[in-house]
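To keep things clear, I will list the structure first and then write my remarks on it.
What follows draws every value from the coordinates through simple rules; no lab data is involved. Note that the structure is predicted; figures quoted are calculated from it, not measured.
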Amino acid sequence: MADDAYIRESILSPAAKVVNGYKPVMPSFQGQLSEEQIVNLVAYIRSLGHSLDNAKGKQQEEGKK
Ligand code: HEM
């Protein structure tokens, strides 16, 4: 799962690294979030990490069948 710096960049400058298969439609939240809000969002997204990793693994396994 992504580290703090990557998640922060993905919120403030989403166009810098776009996930494969997605168009760069995500708006930048630069200037709209306080430092505290950014820290809280990063912590929340990190807390989702394990289930996302599992979902990805499952998709890859199903693709092999
Ligand atoms: C506070 C609000 C939001 C947060 C915290 C957020 C956070 C993120 C993060 C962390 C990623 C990277 C995911 C990864 O690498 O696995 C991402 C990607 C993405 N987001 Fe958001 N997002 C927000 C709002 C939005 C909005 C409003 C849109 C569209 C209207 C959007 C569209 C997308 C899309 C299409 C991607 C995948 C392509 C890319 O990497 O840019 N997001 N977002």
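What to note about this one:
- Segment 1-20 and segment 24-43: distance between their alpha carbon centers, rounded to Å: 11
- ³J(HN,Hα), Karplus 6.51/-1.76/1.60, whole Hz, each residue of segment 12-18, x for Gly, Pro: 7, 9, x, 6, 4, 9, 9
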